[in-house]
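Before any comments, here is the structure.
The values are calculated or read from the model by the stated rules, or taken from the named source; none is laboratory data. Keep in mind it's a predicted model, so treat the numbers as computed, not measured. Don't worry about glycine lacking a Cβ; one is built from the backbone with ideal geometry, like all the others, and counts go over all protein chains shown. For the accessible areas, the whole protein counts, side chains as well, though only heavy atoms, and no ligand, DNA or RNA atoms are used. Shrake-Rupley method; radii C 1.70, N 1.55, O 1.52, S 1.80 Å.
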Amino acid sequence: ETFKPAVVYDFGGRNDRSFNEAAYKGALQFEERTGIKFRDFEIQNPSQREQALRNFARRGLDPIITIGFAQAAALEKVAKEFPDTHFAIVDSVVDLPNVRSIVFKEGEGSFLVGLLAAMSTESDTIGFVGGMDIPLIRKFACGYKQGAKYAKPDIEIIENMTGTTGAAWTDPLKGGELARSQFARGADVVFHAAGLTGTGVLQAAADEGKLGIGVDSNQNHLHPGSVLTSMIKAVDVAVDKTLTDAKEGKWTSGVEVLGLAENGVSWSYDEYNKPLITAEMQSAVEQAKMDIISGKVEVHDYMVDSSCPF
Amino acid sequence: MGSVLCFSWGWGNAFETVYFESRNEIDAQVIDLIDQKGRATVAESNVPAIELIGVSKSFGPVQANKDIDLVVGKGSIHGIIGENGAGKSTLMSILYGFYHADSGTIKIDDKTTTIPDSKSAIAQGIGMVHQHFMLVDPFTVLENVILGAEGGALLKDGVANARRELKRLADEYDMTIDPDAVVGELPVGLQQRVEILKALYRGADILILDEPTGVLTPSEADHLFRILRVLRDQGKTVLLITHKLREIMDVTDTVSVMRRGEMVASRKTAETSMEELAELMVGRSVLLEVDKPEVEVGKPLLKVEGLNVRDDRGVLRVKDVSFEVRAGEVLGIAGVSGNGQSELLAALSGITRAESGKMELSGEKLDLSEAHDAAEMRTKGMSHVPEDRHRMGLVNKFAEYENSILGYHREPKYSKGMFLNKDAIRKEAKERIEKYDIRPPTTEMTAAKFSGGNQQKIVLAREIECNPDVLLIGQPTRGVDIGAIEYIHNRIMDMRAQGKAVLLVSVELEEIRSLSDRIIVMFDGNVVGERGPEATEQDLGLLMAGVNQEAAE
Amino acid sequence: MLDTIILVLDSTFRLSTPLLFACLAGLFSERSGIVDIGLEGKILGAAFAAAAAAYVFQSPWIGLLAGIMVSVMLALVHGYASISQRGNQVVSGVAINFLAAGLTVLLGQAWFSQGGRTPALSPATRFESITLPFADTLANVPVLGPIYANLISGHNILVYASFAAVPLTWWIIFRTRFGLRLRAVGENPSAADTAGLSVTLLRYRATIICGILCGFSGAYLSVAQGAGFIKDMSAGKGFIALAALIFAKWKPVNAMFTCLLFGFLDALAIRLQGQEIPGIGEVPVQVFQALPYVLTVVLLAGFIGRAIPPKASGIPYVKERT
Amino acid sequence: MSKGQLPRWVDYGVLPALNLLAAFIISGLVVVVIGEDPFEAVKWLVWGALGYGEGIGYTLYYATNFIFTGLAVAVAFHAGLFNIGGEGQAYVGGLGIALVCLAMDRFVPWWVTFPFAIIGGAVFGAAWAFIPGYLQAKRGSHIVITTIMFNFIASALMVYLLSNILIPQGTMSPSSRNFEAGGQLPLLRNVFTSFDFGQSPVNLAFFLALAVCVVVWLLIWHTKLGYEIRSFGANPDAAAYAGISPVRITVVTMLISGALAGLMGINVVMGEQTRLLLDFAGGAGFVGIAVALMGRGHPIGIILASMLFGLLYQGGAELAFEIPTISRDMIVVIQALVILFAGALEHMFRPAVVAFFDRFSSDTAEA
Ligand SMILES: Nc1ncnc2c1ncn2[C@@H]1O[C@H](COP(=O)(O)OP(=O)(O)OP(=O)(O)O)[C@@H](O)[C@H]1O
Ligand SMILES: Nc1ncnc2c1ncn2[C@@H]1O[C@H](COP(=O)(O)OP(=O)(O)OP(=O)(O)O)[C@@H](O)[C@H]1O
Ligand SMILES: [Mg+2]
Ligand SMILES: [Mg+2]
């Protein structure tokens, strides 16, 4: 067998219930479907990023998928050293002939859930809980705000970040407290983009009889009836597709931007949140989706000017 | 050759063989003096309260007790004397179950027993007042007394009981004390009272007191001895450790002498003399007289005016003290320890800041209420031998040569730029080791491993050899054997002869009287009187207790 | 306004509880002369064990018990190192923190294969909020009603337990024989020893109590406030508890107030975050996130002055120097 | 050798080896519990760290970090201060280094930037240690607590700066821009081409670390300041008696300690990453505590202990690579056990060894 794929996760690791875990799932799906085993590695400190990539490349693993924007610098170095190996990176752009860069339009997905949040709030106040205050999270927040204001121009949005150390992504108790504080200030729907911390946000929403919104993968099932929807970022699909492309000789390098149009981001609708989504909401969100895809509505990308006008 | 060498008081690697040779000679003499069979007759009554047979104990490389035999008669006061480090406290701590003997047998009331811990000692009726008090400072007197004997899981009942019992004991033995006072705030004399009450509260039949009088005024000591006699008359047995031969003669019925971990003799007090005991202790006959030649007194080198010092807790410890010391003069400050002497020295030497006060040092005026540091004072010509060399004078972890520059390490002769000039330091340290006969003669051993007397000499050499104008010297011979005492006293006299000013603080009246030209006595932070060296011990003793007879008259 | 205050205070209670347990745990340990930097590790270990057991046995009580057991085991390791082996207590504590951080995830992964997490706990397997009697009826009484119904009522049992532990601790430390002896070994172990007490035994007992209380703290995190174990979920609470202990000058009632203060600062930081401050405008969130730590330093420097720990704390009791 | 004493080689060689052995035996048991072969694990661990050039390079790279933070903790220890804030000081020190590099890298070659970067790292690290030191000296605020607090505050500060100020427009990752050649330290693989360091990031900072070891050794044992630091640490009363100001020594020692921690950034920021990034210190500040204790505060010991931890880091990564069930958490457990046995339980085997030697020496004495 010459096809030996590998995945390198970033901090948080394979089981972070969010982003890295979605990548892991994608690779698993591929493995189940094709029977091809993959290797993976969880890095522990920044220096291991390069080391892990190089180790895999040297052992002839190909393609190698790296997860997370933080790996870009390492990949840039290693991809040059191994021009014959195929690399992919999720969430960042590395402009090299042997690298496929996969980025998502988180803003678009967040726009949709923001719109849903605005439509289901009774207090005209909604909340957002981020992990660490970094550009990626602001991108989520910005789309969410735009979507909410699109539905209700004078809606109030409370925005909080969890912390400043790595624990910001893994502190559900703090997440819960932040959510509670937002509920106390009148919010009744809260969207989180905070990895494991977010499980605390959803838990608090369930405990308080308010609504939460999941992120990255479909989290509706965590607290049926209390999760309004989830902003799905199809990392799993992207990973699976990348592996499949490589396997079938359809590899392309370059940037792949996955937005609503490409089904890279979406909102979740299943039996768990069916009772929460009215027909009116459903049609509004589908309409918005079409408008975004058609370009009628332009979702602001925080990364373009590092600011959010909403 | 033994006759020459047996006057040496220490030992070192180079001297080891020679030394032991000579020591065996002394031991032979000493052993002749001991009536081996006479030991049983030494006891006052037929039943010994305590009998130790062949008790040995070492701490790592140090053998503190070697094959000790001891018999103490029931209902007697038995004294134990010996130099510092002779192993007295260790032996008593074994009896009290604090340490375990490596080998040997203990008999209490003629029954062989083991004392695995203090609990068992207490159960067998043994109580001990330790040399370093075993008190919990932030606790009240009552809490300290009942600790370990609370009488119930809750404190309430026990406390009430103890309060009654304490009152009874206080009345019976004339030892009044406020049961609710915080022990850490009591003067040492009262702290000791708490220790004794602790033992009595537990119903001790055998009471061990380890150097109880070091912290007492003569009258307080007398009071203590009266209590001890009462206890003896009630049938209790008392073991008393002291360095003061006079106390032994005063109060004990029998006495045992220890030297270098061994029990060298036991005597009926009535049948021995201070001279014999001193000789047994040191292993040679001792001269305690100091040769004090007439010296012309010059101009004042140290003047202190209106000095007030507060301690960390904000208590005023030195109250408006003024004095002067002239060139060629030794001014002795007498007093029971804890009456402000330490704070006085600390303020004068620049270690602590005074609340107010002026000092004139070799003509230079200084305001002591401003911040100074000890290094500054040294550069102005004042050096300082601290009272407690372990706590202050030495860094125990440092090698000898490093200690030989403590406080002088910034002097140009010890440095090359920002670096220490270790060659120069070692060279000078070697010279001093020779001059002061520090043993073992090595610059590399850590200070901790030198014996007490030699540690003191390291400090003395450092503070004297820098040729100061003024020497502050606290408790110069505390923890030092008689041979070294002689040497130290002679050095102080040399300083005086060279026209330096010496301020001597000591709790030993003997020492003060034999060295000083003038004596001032401190009590509760005040100078309560000034005397000449010819003042009687009784007079000084009263002053130390705060009573100025002269002023009263 | 009252609502806001009540909400911040309500959050304060929830945030203070794990600190308070840990702080009292540290109090017992340090009062006996054992410095414990390993509170953090014990909390973490307990949180893991509690969540795992609560899940497996479907009972929060068994979870609590398991948490206590694991925490006590870690405490005994610390005790063995610092009491029996007279090791460096800080190093031992650091080691225990690392040990708990690694082992919890390792075992969690081996047992539950969820990346070191335990499966999420259903409401029935957690300690749930308790509504105190008449809370609903009294809710409408002005001022006192909301205070009773929203602030005092409606916490889980461990919150009440933590506050009940304060007078209990005070009583044990200052009113019982055990407390007297404990304080004595922390101040002057030789004195306790010569009074016929076993320093070793007393210190071990204090260490075990410390373990039990950390067990409560950990269980609170994973089966009361949270719903399952997540790696590193103690997030520095053990260290904050130590800071609170120094603040409190090793006194139980002070400990309660300082833990409430720390909880309050945290709650306040959460509440203020993302709000415009009048006259200053938008302040970076990091300022609020750093606020509790900055205030701690300011308070340490400005108000409490020199805190004097139990005299023997951190020093192994060695009778015989060799 | 008198009774109860051990020869130096036993004290500094055999006992630590026994302690490490115990730590590894217990770790082996944990490996067995999770169903892997401990001997296989040891093999990969050692091979990964020392078996080939790149592994050695990485081991040295990690060791470089720990030398800096270990020295930082050790210097403070000599003054009796417990600096838990190495992590934060290293983090902020990295900022100083990055600012120097960002300002100079486009205009001058690296060897011009280098000394300024050293100053930048040292000054920023020292500044971060200054406040806890000053508060300890002047206000008696417990240094352990304040340094912990300053670690948290450093994190907040760095997140703010990295995601708002230093981040180049339009990038995702909260990190500064990459330094150009003028801000990059030469890697050893490019300097010593004859030795195969693979692609490892070990760089000139390694020699800086060794040089700093010499400096610290001179400082502590050969200068007047070092003498004062040790006096103050060993016996504060004696230091006061010697006219050594506790305030000055506390503050100066903390400044030196912080500066040493701050230099760690040279290795990571200027040597490996050639940019400033979030959480780059990655716990090295805490490992420094263990390193300082195991190295007994002496630079030689610190180098050896750093090598040990470097070996664990690198070998551990390799091990996790080869045997995926032995995850990174296993490495944390091994570290914990090493700290426990070699640090807190360091005296555990002493009585037995002493007894052994006593018997041994009395045997020879009789013979
Ligand atoms: N802590 C220690 N560690 C190692 N050796 C020690 C220690 N304490 C004392 N010693 C050694 O034990 C010997 C006896 O010490 P001790 O203090 O009893 O001496 P000494 O007989 O009183 O001498 P001196 O007459 O000089 O005071 C000393 O020579 C010293 O080298
Ligand atoms: N806990 C200990 N550990 C190690 N060595 C000790 C210990 N206690 C005493 N020693 C050593 O044992 C020897 C005897 O000490 P001990 O305290 O019994 O002497 P002492 O006769 O009471 O002297 P002093 O008159 O100074 O009280 C000394 O060399 C001392 O250094
Ligand atoms: Mg003694
Ligand atoms: Mg002596």
(message) Sequence gap at least 6, Cα distance under 8 Å: using those rules, report the relative contact order of chain A to the nearest whole percent.
(response) 19
(message) Given a 1.4 angstrom probe, I'd like the percentage of the accessible area of the range B:301-552 that is carbon and sulfur, rounded to a whole number.
(response) 48
(message) As a test of the definition: with a 1.4 Å probe, what buried accessible area, both sides summed, do you compute for C against B, in Å² to the nearest 100?
(response) 2100
(request) Ignoring ligands, DNA and RNA and using a 1.4 Å probe, state the total buried accessible area between A and C in Å², rounded to the nearest 100. (result) 2200
(request) Can you find, among A:52, A:136, A:3, the residue farthest towards the positive end of the dipole of the protein assembly as shown? Put +1 on the C-beta of Lys and Arg, -1 on that of Asp and Glu. (result) A:3
(message) List, by residue number, every residue in the range C:239-283 with a reduction of 40 Å² or greater in accessible area between the chain on its own and the complete protein assembly, 1.4 Å probe.
(response) C:239, C:246, C:270, C:271, C:273
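Of the listed peptides C:211-221, B:248-258, what is their order by residue-averaged count of other C-beta atoms within 10 Å, with the highest listed first?
Sorting C:211-221, B:248-258 by mean packing, highest first, produces C:211-221, B:248-258.
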(message) Compute the distance from the alpha-carbon center of the range B:197-215 to that of the range D:76-113, in whole Å.
(response) 61
(request) Run the quick spin-label model on residue C:137 and residue B:524: label points 7 Å from Cα toward the beta carbon, then report their separation in nm to one decimal. (result) 6.7
(request) Would you calculate the separation in nanometres between label points at residue C:4 and residue D:17, each defined as 7 Å from the Cα along the Cα-to-beta-carbon direction? (result) 6.9
(request) Take every DSSP beta bridge whose two residues both sit in the protein assembly as shown, then give the antiparallel share in percent to the nearest 5. (result) 45
(request) May I ask you to evaluate 6.51 cos²θ - 1.76 cosθ + 1.60, the Karplus curve with θ = phi - 60°, for each residue of the range D:52-63 and list the ³J(HN,Hα) values in order in whole Hz, giving x for glycine and proline? (result) 8, x, 5, x, 4, x, 5, 4, 5, 4, 5, 4
(request) Express the relative contact order of chain C as a whole percentage, based on alpha carbon pairs under 8 Å and six or more residues apart in sequence. (result) 35
(request) Heads up, I need the accessible area for residue B:119: 1.4 angstrom probe, whole protein in place, Å², nearest 10. (result) 130
(request) Compare the Cα positions of D:241, D:181, C:46 along the charge dipole of the protein assembly as shown (+1 at Cβ of Lys, Arg; -1 at Cβ of Asp, Glu; about the Cα centre) and return the one farthest towards the positive end. (result) D:181
(message) Quick query: amide H of residue A:158 versus all other amide H atoms, modeled in the peptide plane; which residues come in under 5 Å with a sequence gap of 5 or more or a different chain?
(response) A:126, A:127, A:128
(request) Be a star and scan the range D:154-183 for residues whose amide nitrogen sits under 16 Å from the point 7 Å along the Cα-to-Cβ vector of residue C:282. (result) D:160-161, D:163-165
(message) So if I take the centroid of the Cα atoms in the range B:494-553 and the same for the range B:387-427, what is the distance between those two points in Å?
(response) 33
(message) Run the numbers for residue B:370 and residue B:431: contour at 0.36 nm per residue of separation, minus the present Cα-Cα distance, in nm.
(response) 18.2 nm
(message) Inside 10 Å of the C-beta atoms of B:56-62, what's the mean count of C-beta atoms belonging to other chains?
(response) 4
(message) So, for the protein assembly as shown, what is the accessible surface per residue at a probe of 1.4 Å, expressed in square angstrom?
(response) 37
(request) Treat every Asp and Glu Cβ in the range C:2-300 as -1 and every Lys and Arg Cβ as +1, leave all other atoms uncharged, and give the resulting dipole magnitude about the Cα centre to the nearest 20 debye. (result) 940
(message) Let's test the formula: R0 of 45 Å, r as the Cβ-Cβ distance of residue C:58 and residue D:237. What FRET efficiency results, to the nearest 0.05?
(response) 0.15
(request) Averaging sequence separations of C-alpha pairs under 8 Å and six or more residues apart, then dividing by the length of chain B, give the relative contact order as a whole percent. (result) 14
(request) List, in the order given, every pair from B:365/B:435; B:66/B:236; B:66/B:449; A:233/C:42 whose Cα-Cα distance in the structure shown is over 31 Å. (result) B:365/B:435; A:233/C:42
(request) Would you tell me the accessible area of residue B:384, worked out with a 1.4 angstrom probe on the heavy atoms of the protein chains, in Å² to the nearest 10? (result) 10
(request) Determine the alpha carbon to alpha carbon distance for each of B:413/B:457; C:231/D:43; B:88/B:244; B:88/B:198; B:244/B:303; A:174/A:241 and list only those over 26 Å. (result) C:231/D:43; B:244/B:303; A:174/A:241
(request) Treat every Asp and Glu Cβ in the range B:134-202 as -1 and every Lys and Arg Cβ as +1, leave all other atoms uncharged, and give the resulting dipole magnitude about the Cα centre to the nearest 20 debye. (result) 200
(request) Residues in the range D:169-211, backbone N under 19 Å from the label point at residue D:111 (7 Å along the Cα-to-beta-carbon vector): list them, ranges by number please. (result) D:180-194, D:203-211
(request) In whole Hz, with x marking every Gly and Pro, tabulate ³J(HN,Hα) for the range D:281-289 from phi via Karplus 6.51 cos²θ - 1.76 cosθ + 1.60, θ = phi - 60°. (result) 5, x, x, 4, x, 7, 4, x, 4
(request) State which helices in chain B qualify, where a helix is a whole DSSP H run, it must extend 18 Å or more along its own axis by its Cα atoms, and its mean Kyte-Doolittle hydropathy must be at least 0.0. (result) B:188-201, B:482-497
(request) Could you list the residues of the range A:211-250 with an amide nitrogen less than 19 Å from a label point located 7 Å from the Cα of residue A:271 in the Cα-to-C-beta direction? (result) A:218-230
(request) On the full set of protein chains, 1.4 Å probe, figure out the accessible area of residue A:236 and give it in Å² to the nearest 10. (result) 40
(request) May I ask you to derive the FRET efficiency for residue A:245 and residue A:301 from their Cβ-Cβ distance with R0 = 22 Å, giving the value to the nearest 0.05? (result) 0.30
(request) Report, by chain and number, residues whose modeled amide H sits under 5 Å from the one on residue A:255, excluding near sequence neighbours (fewer than 5 apart, same chain). (result) A:101
(message) Once R0 is set to 41 Å, what does the formula 1/(1 + (r/R0)^6) return for the Cβ-Cβ distance between residue C:257 and residue B:164, expressed as a FRET efficiency to the nearest 0.05?
(response) 0.65
(message) Compute the distance from the alpha-carbon center of the range C:1-65 to that of the range A:34-94, in whole Å.
(response) 41
(request) Output the DSSP H helices from chain C with an along-axis C-alpha extent of no less than 24 Å and a mean Kyte-Doolittle hydropathy no less than -1.0. (result) C:2-31, C:39-57, C:60-79, C:89-112, C:157-175, C:199-219, C:252-272, C:285-302
(request) Could you tell me which of rounded, prolate or oblate describes the range B:134-202, using a ≥ b ≥ c as the square roots of the eigenvalues of the alpha-carbon gyration tensor, with rounded for a/c under 1.5 and, failing that, prolate when a/b is larger than b/c and oblate otherwise? (result) oblate
(message) Just to be sure I understand: if you take the accessible area of chain B alone plus chain D alone and subtract the pair, with a 1.4 Å probe, what total do you get in Å², rounded to 100?
(response) 2300
(request) Evaluate the distance, in nm, between pseudo-label points positioned 7 Å from the Cα of residue C:275 and of residue A:152 along their respective Cα→Cβ axes. (result) 2.0
(request) Determine the dipole magnitude for the range A:169-310: charges of +1 sit on the beta-carbon of Lys and Arg, -1 on that of Asp and Glu, nothing else is charged, the reference point is the Cα centre, and the result goes in debye to the nearest 20. (result) 180
(message) Please list, in order along the range A:64-80, the HN-Hα scalar couplings obtained from phi with the Karplus expression 6.51 cos²θ - 1.76 cosθ + 1.60 (θ = phi - 60°), rounded to whole Hz, x for Gly and Pro.
(response) 10, 9, 10, 10, x, 5, 5, 8, 4, 4, 5, 4, 4, 5, 5, 4, 5
(request) Within 10 Å of each Cβ in peptide B:131-139, how many partner chain Cβ atoms are there on average? Round it to a whole number, please. (result) 6
(message) As I understand it, the dipole of the protein assembly as shown uses +1 on the Cβ of Lys and Arg and -1 on the Cβ of Asp and Glu, about the Cα centre. Which of D:355, C:172, C:307 lies farthest toward its positive end?
(response) D:355
(message) Could you work out how much longer the chain between residue B:102 and residue B:132 gets when fully extended? Use 0.36 nm per residue separation minus the Cα distance between them, nm to one decimal.
(response) 8.5 nm
